[in-house]
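Remarks on the structure that follows.
The values are calculated or read from the model by the stated rules, or taken from the named source; none is laboratory data. Treat the numbers as computed from the prediction; the structure is a model and nothing was measured. Quick reminder, even Gly has a Cβ in these numbers, built from the backbone with ideal geometry, and neighbours come from all protein chains shown.
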Amino acid sequence: MSLILTRLSKRPTVRCFCRKLLQQTYSSSSITKSSTTPSFNFGFDPYEYTNGRWLRADAAQRDARRVKFDFPALCQKAISSAPGAKGILKCSMVEGNFNRAFILRLDNGTKVVARVPFSIAGPPRLVTNSEVATMAYLREKTNIPIPQVLDWSDDPLNPVGTEYIIMEHVSGIQLQQHWPEMTSFQRMDCVRNLADLVKQMHDLDFPAYGSIYFNDGLVSSSNSVRLDTRFCIGPNSGSRYFPCYPTDRRFYNRKPPNRGPWKTFDNFTRGLLDAGISSVPDETPLSRPAFRGTAEEHMALLSEAEAVLQALSRDPRIEKISSPLLLHPDLHKRNIFVDPDEPTKITAVIDWQSTCIDPALLYYNAVPDLCEHPKGIAYDAMDSYDGVRDQTPEEVEAEDILRKEVAIFRIWAALGLPGSCPYQPTEEELAKHNAQWEDFEMALNLEKGLMNILSTDEEGFVPTDNWDVVKRLSDELLKKWLADADADEMGRDKAKQLWPFDHWE
C-alpha cells in the first residue's frame, strides 16, 4: 500500500493525502473473500443480482444484471434435456459478470448447467447464437474438450422468457484449484497441453473477421460470409461494437454501425474506427476533465488514427501477422478444467461467449493468468460459467490516443515505414499533451492505488460480504482526498473529477 500511494504523484496535494492515509490503520482482515461455494438449495433469488455492488453506477450495474424470465420453465427445460430425468435433486446458483448460471443435479444421476445472459453480455440473440455456433464449430473441427450443448434458444419470446443455454456439466476440477499444489514440471506439461489445443485453433483458416453463427437465418446472407452448409461468419458480437454496458451510449448520426464481417484488414480497422466514432457524443459533458479530451479532440484524433492505420495496413509485415484468427477470449485458470488425479490432463475448456475472429496481431498482449499474479478479491468473486472477461467498456481516452500517436510519430522511420507518419503534431499540440499528461497520470495512478486498497477493479466491483466495509473505507478516503484538495491549488472541483468512483456526499 505504501509503495502504491507514494507513486501516485509528485504534487503536494497527493503527497499530503498519501501521508495522512499512511497514518491511518485499515484492517484488511475485515475485508473477507466471498465464498463461491454453491449452497445446493433453492434458497436464492434467480432474478436479482446478489453477488456484489459497485462503487461506480451501482444502480445501473445491478439493473443490467436483473433478468426477467420463468425460472420453473428453465428448470423444466433442463430436466427435458437429460433422458430419464424427472426431477431436480439439488440446484445452486453461480453469478458472474455477464451471466447467471444454475447447476442442477438431476434424479437420473447427471448434472447440467443452465445459463442465462445479462444484457451486458452482448447484443440480443447474436451473442447466444454465436456462442453455441462457435462451440459446435470447434467440436466439429478440433479435439478441444468443449461442453456439449443440450438445449438452447436465442429467442427471448420462448417459453422461458429469455435466451438460455443448457449444457453438460464438465468433468474435472478448475485448474485454479490445483495450480498452487502442482510442481514446476506439472505446470509446464499442463501449459504444453494447453498450447497444443490453442494450436488447433491457430491452424483453422477463415475468410473474414467477425463472429461465427449458424446458417439459420438470424444473420442474413447479405451480411455474412459462408463457411460451409452449417456455419457462417457474421457481425462481431463483442461489446466494442454494441452499446451493452450501463454507461455506454452510441451515436450513429455521423456514421452507421459497422460491425462486420470484414474480408480485409483495412476494412477491419475501419470498423474499429467507426466504433470509436460512435462512442463520441455531439457535445462534451461539462463534468468531463480536460485531460480526457473534448468531443472535437476525439474526432480529430480518430481522423489522424485512420490515416495512420491505413498506412500501417499496407505494410507487408502487418499483412503477415493480421490473418483472421479465432482464439478463446479468456484462457484463465477458472475456464480450464483438469483431471483431479492427473492435473496436467485438460478435461474441458469453458466460457466461449464473445469468442470472435480477429487479426492475429491483436492477440500479441493476451497473457493467460497462468503467467500473472492473483488479481484479488473482486476477481475471485466472479466464478466460472460466466465469463470473467477483462472486457470492460473501452472508453477511448483522447490523451491516451494522443500519447500513442506521438510515440508512432517519433519512431516511424525507425520502424522502416515508407514516407513520413501521417500524424504530424504541431509544437502547440505537443506542449498541450505534456501539460495535460500530469493530470492523466495522476488520475490513472489514483485509480490503481484505490483499486489495490479497496480490493476492487476498474468498475468498482465489491463482493456483497465486503460492501459495508469497502463502502465506508471509500467514503473516508474520498473525504480525505477532498480535504487535501481544498488546502491545495488543485481545488475541490478538479479533485472530484479525478476521483474514479461515485461521490456519496
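Here are the numbers for the structure shown:
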read-out: Residue match in segment 234-254 (condition: out of contact with any helix residue (DSSP H, G or I) (no Cβ under 9 Å at 6 or more places or on another chain), surrounded by 13 or more Cβ atoms within 10 Å (Cβ to Cβ), modelled with pLDDT of 95 or more and not in a loop (DSSP other than H, G, I, E, B)); value: no
read-out: Options K320, K263, K255: the member that is touching a strand residue (DSSP E or B) at 6+ places or on another chain (Cβ under 9 Å) and either among the charged types (D, E, K, R) or over 26 Å from D205 (Cβ atoms) (or both); value: K263
read-out: Residue identified as modelled with pLDDT of 90 or more, under 30 Å from S278 (Cα atoms), surrounded by 18 or more Cβ atoms within 10 Å (Cβ to Cβ) and not β-branched (V, I, T) among L478, L454, L402, L446; value: L446
read-out: Test set (1) without any contact (Cβ under 8 Å) to a residue 12 or more places away in the chain; (2) under 30 Å from P359 (Cα atoms); (3) under 26 Å from the mean Cα position of the chain (by Cα) - Q177 fails condition number; value: (2)
read-out: Criterion violated by E428 - all others in (1) out of contact with any helix residue (DSSP H, G or I) (no Cβ under 9 Å at 6 or more places or on another chain); (2) modelled with pLDDT under 80 satisfied; value: (2)
read-out: Condition met for D475 (closer than 14 Å to D502 by Cβ and either in contact (Cβ under 8 Å) with a residue 40 or more places away in the chain or assigned to a helix (DSSP H, G or I) (or both)); value: yes
read-out: From Y209, Y213, residue being surrounded by 24 or more Cβ atoms within 10 Å (Cβ to Cβ) and over 27 Å from R66 (Cα atoms); value: Y209
read-out: Test: G276 is touching a strand residue (DSSP E or B) at 6+ places or on another chain (Cβ under 8 Å), closer than 23 Å to Y363 by Cβ and not in a loop (DSSP other than H, G, I, E, B); value: no
read-out: Number of the exception - A311 against (1) buried (at least 19 other Cβ atoms within 10 Å of the Cβ); (2) under 29 Å from D439 (Cβ atoms); (3) at pLDDT below 90; value: (2)
read-out: Selection count where residues are of a type in the set (D, E, K, R), part of a strand (DSSP E or B) and surrounded by fewer than 20 Cβ atoms within 10 Å (Cβ to Cβ), scope segment 86-135; value: 3
read-out: Every residue from segment 161-178 that is more than 24 Å from V132 (Cβ to Cβ) and either modelled with pLDDT under 95 or among the acidic types (D, E) (or both); value: Q176, Q177, H178
read-out: Qualifying position, being aliphatic (A, V, I, L, M), crowded, with 20+ Cβ neighbours inside 10 Å and modelled with pLDDT under 95, among L55, L8; value: L8
read-out: Complete set of residues in segment 339-389 that are outside any loop (DSSP other than H, G, I, E, B) and modelled with pLDDT of 80 or more; value: I346, T347, A348, V349, I357, D358, P359, A360, L361, L362, Y363
read-out: Any hit, segment 72-82, residues being in a helix (DSSP H, G or I), in contact with a Lys or Arg (Cβ under 9 Å, 6 or more places away or on another chain) and at pLDDT 95 or above; value: yes
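Conditions (1) at positive phi; (2) free of Cβ contacts under 8 Å to residues at least 12 places away in the same chain; (3) among the acidic types (D, E), marked per residue:
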| residue | (1), (2), (3) |
| --- | --- |
| D63 | no, no, yes |
| F71 | no, no, no |
| P145 | no, no, no |
| L157 | no, yes, no |
